[in-house]
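Heads up: the structure comes next, in C-alpha cells.
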Amino acid sequence: MRVPFRNEPFTDFSDKLNCMAYDTALSEAEAILGNRYPLIIGGERIDTQTTVLSVNPARKDQIVGVVSQADTALAEKAIQTASLTFEAWKLTDPQERARYLYKAAALMRRRKFQFSAMLTLEAGKTRAEADADTAEAIDFLEFYAREMERLSLSQPLTSLSGEDNELYYIPLGVGIVIPPWNFPLAIMAGMTAASIVAGNTVVLKPASTTPVIAAKFVELLEEVSLPPGVVNFLPGPGSEVGDYLVDHPQTRFISFTGSRDVGLRINERAARTAPGQRWIKRVIAEMGGKDSIIVDRDADLDLAADAITSSAFGFSGQKCSACSRAIIHADVYDSVIEKVVDRTRKLVVGDPAEAATQVGPVIDDKAYRKIQEYIEIGRQEGRLVYGGNTGDPSGYFIEPTIFADVDAGARISQEEIFGPVLAFTKAQSFEQALEFANNTDYGLTGAVISNNRAHLEAARRHFHVGNLYFNRKCTGALVGTHPFGGFNMSGTDSKAGGRDYLLLFTQAKLVSERY
C-alpha cells in the first residue's frame, strides 16, 4: 500500500558531513562543465549548428553547457512526434504512468546533491535554495503520482435505477511546457510531471538561461524508461520556436510559468483558432507578482523583520512570491525598518558555491541591467537606506537594496522588479495598509504580521491574493500544504501542488449505459 504523501525534508547544512557531500557534488558537476546538450525528440538526439552557452551567473567566464537550439522545422518534428506518441500513451494505465514518477522521484532523492549542485552552478542558487528547489521537484513527482492514482478511481455519482454511469478523466493531448529559470528544476519538473502522468505528451521548451538542469531531468526520465516521445526536449528562442509551438493547431494546452508580458502574449496567441484546430486551447499560467508583507502596530517586530528579510532577499529576490513591498503601520514603521536593515547588513553576498553565502547573483546580464535601472528609479521615488551597489564584477552581483518612504503608487511599488530591491511604505491604519497591498495588478502572495484577530480576519476576507500567510514569510510554499497560484495578472490561479491541479491537464468523460 502506498504511504501517504510527505514533503521531502530539507538538508541540514549545519552538519559538516552534508557540507562535505555537497562540496563533492559540486566537484562532480564542475567536471562536466562545458558539455554539449542536444535536442531530444522521440528519443533521438539532435545536435544543431545553432547553440547557446549556459553560463554560471556567479562566474561569468564559466560555461555550464553548450545547448543546441531548435528551429521551426525541428519544432514541427517535435509536435508530430508528441502527437503520434500520444495515441499509445493516452491508453497507458494511470497506475503505470504514476510508477514512472515514483521511480524518478526515488532516483532524484538518491542524487539530491548532484541536482542541487547543478542548480548552484547554472542558476546561482545557494545551498539552501538549491536544496529546497530539488526537494520541491521530488515533492511534485510524488504528489502528482498519488493524485493521478486518486483520480483514476471510480468517481462518485448519484445513482439512477436501471443505468450504469461512470465518470472518468482522460488526457487532453499534446502539451507545450514552458518553465521559468528561477525554479528550473522544481517548477519545470512539476509542470512536466503533471502533464505526462495525466496521459498527455509534452514538448518541453526550457528557459534559455537554465537549459542544462532541464536536460538532466529529461535524462532522468529516460533512465526510468519513460517511452520515447512522451517528453521531447526542445530548447530554442521563444520568438521563433515558442510562438510556433503555441500557435500550432495540434497543440492542446500550454503550461507556462514566467513574466506577465510573455504570459499575456501566450494567452492571446492561444485564443486564436488555427486552421485544422479542433479544440479551444487551454492555458495554465503563472505570471509573477508584486507581493506585500503588512506589519500591524501590535505585531511581533522581530518576527516581522525576519519574515521581510527572508522573503525579500532569498535567492536575491528572484521569486514570484518574493516580498518586494513592506507596508508598515506608522506606529512601528521606523522600528521595523531599523530591524530589517540590521538583518540585511549581516547577509553574506557571494558565490553560492561557498557554504557561507546567503545571497548569490542575479541570473544574467539582462536582469543585472534591469535591476540597476530600478534602483536608479528608486533613488528618485524613495530614500535609500541600504545597498544600491553592485558586487564582485566576476558575476552578476547586486547588493540587497532597501528604500524607505515609498509611495504606494510609485513604480518600484507597482512593477515587478525580480531582484533584491525592497520598498517600505508607511500606512496610517491597518485598513490603509490593506488598501495599499491590494493596489496592484497582481495577486499572488502576501503576508500579515499581526496579533490582532479582527485585523487577521479582515485580511482573510479582503487581502486579494492566491496565497495569504499570517505571521510568517510570504515565500516557501510547500507542495500539498500550500497549493500555489494567484489572482489577477498573477495568472490563472492554477494551484500547483494542490488536489485540483491535475484536473487542468485532463477532461472529464461521462459514460452512461441503460440496461
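The values are calculated or read from the model by the stated rules, or taken from the named source; none is laboratory data. Worth saying up front: this structure is predicted, and the values here are computed from it rather than measured. Positions of Cβ are backbone-derived with ideal geometry, glycine not excepted, and every protein chain shown enters the neighbour counts.
Can we say V174 is in contact with a Lys or Arg (Cβ under 9 Å, 6 or more places away or on another chain) and crowded, with 24+ Cβ neighbours inside 10 Å?
On the way: in contact with a Lys or Arg (Cβ under 9 Å, 6 or more places away or on another chain): yes; crowded, with 24+ Cβ neighbours inside 10 Å: yes.
Yes.
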In the set S239, S195, which member is of a type in the set (S, T, Y) and either in a loop (DSSP other than H, G, I, E, B) or crowded, with 24+ Cβ neighbours inside 10 Å (or both)?
S195
Here is a check on your reading of the model: is I449 under 22 Å from D298 (Cα atoms) and crowded, with 20+ Cβ neighbours inside 10 Å?
yes
Return the only residue of A326, A410, A330, A404 being free of Cβ contacts under 8 Å to residues at least 40 places away in the same chain and within 23 Å of A307 (Cβ to Cβ).
A410
Residue pairs meeting the criteria (Cβ under 7 Å; at least 6 apart or on separate chains; first free of Cβ contacts under 8 Å to residues at least 12 places away in the same chain, in the range 10-26; second in a loop (DSSP other than H, G, I, E, B) and surrounded by 15 or more Cβ atoms within 10 Å (Cβ to Cβ))
N18/T11
Consider S83 carefully, then state whether it is touching a strand residue (DSSP E or B) at 6+ places or on another chain (Cβ under 6 Å), touching a residue at least 24 places away in the same chain (Cβ under 8 Å) and assigned by TED's automatic domain parsing to the domain that holds P228.
yes
Residues of the range 1-47 being of a type in the set (S, T, N, Q) and under 16 Å from A117 (Cβ atoms), in sequence order, are T11, N18, T24, S27, N35
The residue that is nearest to A123 (Cα to Cα), considering only those in the range 40-85 that are among the aliphatic types (A, V, I, L, M) and in contact with a Pro (Cβ under 7 Å, 6 or more places away or on another chain), is A58
If A458 satisfies all but one of (1) surrounded by 23 or more Cβ atoms within 10 Å (Cβ to Cβ); (2) more than 26 Å from the chain's Cα centre (by Cα); (3) not polar (S, T, N, Q), what's the number of the condition it fails?
(1)
Anything in the range 393-435 that is surrounded by fewer than 17 Cβ atoms within 10 Å (Cβ to Cβ) and touching a helix residue (DSSP H, G or I) at 6+ places or on another chain (Cβ under 7 Å)? List them, or say none.
D407, R411, Q428
Taking the range 69-118 and the residues there that are among the charged types (D, E, K, R) and part of a loop (DSSP other than H, G, I, E, B), the one that is surrounded by the fewest Cβ atoms within 10 Å (Cβ to Cβ) would be D93
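Given the criteria under 30 Å from K60 (Cβ atoms), in contact (Cβ under 8 Å) with a residue 60 or more places away in the chain and buried (at least 24 other Cβ atoms within 10 Å of the Cβ), does P206 qualify? Don't jump to the end; show me each part of the working.
Working: under 30 Å from K60 (Cβ atoms): yes; in contact (Cβ under 8 Å) with a residue 60 or more places away in the chain: no; buried (at least 24 other Cβ atoms within 10 Å of the Cβ): yes.
No: the conditions fail for P206.
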Taking Y37 and the conditions (1) over 20 Å from A189 (Cα atoms); (2) not assigned by TED's automatic domain parsing to the domain that holds S154, which numbered condition does it fall short on, given that it satisfies the others?
(1)
Being at pLDDT 95 or above, closer than 30 Å to I449 by Cα and either in contact with a strand residue (DSSP E or B) (Cβ under 9 Å, 6 or more places away or on another chain) or among the basic types (K, R) (or both), is that true of even one residue in the range 233-254?
no
Quick check on my filter: what residues within the range 305-334 are aromatic (F, W, Y) and under 25 Å from the mean Cα position of the chain (by Cα)?
F313, F315
Just to verify a result, which residue in the range 274-318, among those that are farther than 27 Å from H462 by Cβ and of a type in the set (S, T, N, Q), is surrounded by the fewest Cβ atoms within 10 Å (Cβ to Cβ)?
Q277
I'd like to check which helices (runs of 4 or more DSSP H) are fully inside the range 334-446 and have at least 2 residues that are among the charged types (D, E, K, R) and assigned by TED's automatic domain parsing to the domain that holds H464.
365-381, 430-438
Run G289 past the list (1) assigned to a loop (DSSP other than H, G, I, E, B); (2) closer than 19 Å to K339 by Cβ; (3) not polar (S, T, N, Q) and report the number of the one that doesn't hold.
(2)
Please go through the range 159-192 and give me each residue that is hydroxyl-bearing (S, T, Y) and assigned to a helix (DSSP H, G or I), ordered by number.
T192
Cross-chain or 6+ apart pairs with Cβ under 8 Å, the range 447-470 first and within 12 Å of L434 (Cα to Cα), then of a type in the set (K, R) and surrounded by 16 or more Cβ atoms within 10 Å (Cβ to Cβ):
A447/R472; A447/K473
Scan the range 288-301 and tell me whether some residue there is modelled with pLDDT under 95 and not charged (D, E, K, R).
yes
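For every residue, the table says whether it meets (1) in contact (Cβ under 8 Å) with a residue 40 or more places away in the chain; (2) under 24 Å from F484 (Cα atoms).
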{"position": "Y144", "(1), (2)": "yes, yes"}
{"position": "S159", "(1), (2)": "no, no"}
{"position": "E163", "(1), (2)": "yes, no"}
{"position": "L167", "(1), (2)": "yes, no"}
{"position": "P179", "(1), (2)": "yes, yes"}
{"position": "A194", "(1), (2)": "yes, yes"}
{"position": "K216", "(1), (2)": "yes, no"}
{"position": "E222", "(1), (2)": "yes, no"}
Can you tell me which residues in the range 319-342 are surrounded by 24 or more Cβ atoms within 10 Å (Cβ to Cβ) and not β-branched (V, I, T)?
K319, C320, S321, A322, C323, S324, R325, A326
Odd one out for E268, checked against (1) in contact (Cβ under 8 Å) with a residue 12 or more places away in the chain; (2) in a helix (DSSP H, G or I); (3) of a type in the set (D, E, K, R):
(1)
Would you check if T11 is more than 26 Å from the chain's Cα centre (by Cα) and either surrounded by fewer than 16 Cβ atoms within 10 Å (Cβ to Cβ) or outside any helix (DSSP H, G or I) (or both)?
no
